[in-house]
Amino acid sequence: MSAAVLALMLFAGLGIGMTGIGGVLVVPGLSALQDMPLTRAVPASTLAFLFTGIAATLKLQWQRRAAAGTAAPQADRHALLALQIAALLGAGLGALTLRWLPATGMHLALALLALFSGLQTLLARAVPEHSAHLPARATLAAIGLAVGLGSAWSGTGGPILLLPALMWLAMPTRGAIAMAQAVQLPIALAATAVNWWTGQLDWALGLTLGALLVLGWALGDRIAARIATLQLRRLLGGLLVVLGLWYGWHVLTQ
């Protein structure tokens, strides 16, 4: 693995830790810098997101224990569970059908989603962080199923697809980022299990990528805690726009 790829993986982990977004860089980076086929890069990246998903879920559990006795953690627990179960099912189905999908169309759709959701995040009114607004569980389950499918198909961890939907539904920025980070775990578990069963998984590559992403995530998470919410929202929106433009260009020119 080249030094450029190593640096990009650490940067991707940094993005995941700060804003939930960054995993979208992994597959294009392996494809462009390492000349790696999607059939190898996508399963390995999915395994790598298992590690950042575990880290984010452990952090969320710690935050819940710190806020024990309030009404919000219970509501968050039920909402997150509905989202994670649906994402688990979607990711399993997505991994099973991965080999039959046109890769270019899927990645181009991902680029457009990132671009338009970034613009929406920058232009929409910010929601106060203390707001208790959460989408209905049925809505979250439907979103989770779609996110699981799209993540397994594209080799992304989940946040790049989930965050636009949560921001569109006017969830508070930090709450949306935390939920988006935690959804990586069921998606990675389901997709990795299917990829292993079908013989598509490169364990050595996936474990290496996972270690690099977790290192970057830890640093990014510490930085995000020191950034004002409005600045974090602007960073998130701007990053979505930049990633959408870059990713679309990469797909159309590869």
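When segment 230-241 is filtered for residues that are touching a residue at least 40 places away in the same chain (Cβ under 8 Å) and either closer than 14 Å to GLY20 by Cα or open to solvent by 80 Å² or more (accessible area, probe 1.4 Å) (or both), the ones remaining, listed by number, are LEU230, LEU232, ARG233, ARG234, LEU235, LEU236, GLY237, GLY238, LEU239, LEU240. Among the residues of segment 182-191, those identified as crowded, with 24+ Cβ neighbours inside 10 Å and part of a helix (DSSP H, G or I) are ALA182, GLN184, LEU185, PRO186, ILE187, ALA188, ALA190, ALA191. Scanning segment 110-136 for residues that are over 22 Å from LEU235 (Cα atoms), modelled with pLDDT of 65 or more and surrounded by fewer than 16 Cβ atoms within 10 Å (Cβ to Cβ) yields a single hit, ALA136. Checked against (1) open to solvent by less than 30 Å² (accessible area, probe 1.4 Å); (2) more than 21 Å from PHE11 (Cα to Cα), THR198 passes all but a single condition, namely (1).
Looking across PRO73, PRO37, PRO28, one residue alone is touching a Lys or Arg at 6+ places or on another chain (Cβ under 6 Å) and either at pLDDT below 80 or over 25 Å from LEU140 (Cα atoms) (or both). It is PRO73. Filter segment 156-181 for residues that are under 10 Å from the mean Cα position of the chain (by Cα), farther than 15 Å from ALA141 by Cα and outside any helix (DSSP H, G or I) and give the result. THR156, GLY157 - these are the residues of segment 156-181 that are under 10 Å from the mean Cα position of the chain (by Cα), farther than 15 Å from ALA141 by Cα and outside any helix (DSSP H, G or I).
Against the conditions (1) free of Cβ contacts under 8 Å to residues at least 40 places away in the same chain; (2) in contact with a helix residue (DSSP H, G or I) (Cβ under 9 Å, 6 or more places away or on another chain); (3) not acidic (Asp, Glu), ARG226 satisfies every one except (2).
Quick check: is even one residue across segment 201-214 part of a helix (DSSP H, G or I) and among the acidic types (Asp, Glu)? Checked against the condition, which is being part of a helix (DSSP H, G or I) and among the acidic types (Asp, Glu), segment 201-214 yields no hits at all.
The values are calculated or read from the model by the stated rules, or taken from the named source; none is laboratory data. This structure is a prediction, so every number in the text was calculated from the model and none was measured. We place every Cβ from the backbone using ideal geometry, glycine too, and count neighbours over all the protein chains shown. What goes into the accessible areas is simple: the full protein's heavy atoms, side chains included, and nothing from ligands, DNA or RNA. Shrake-Rupley method; radii C 1.70, N 1.55, O 1.52, S 1.80 Å.
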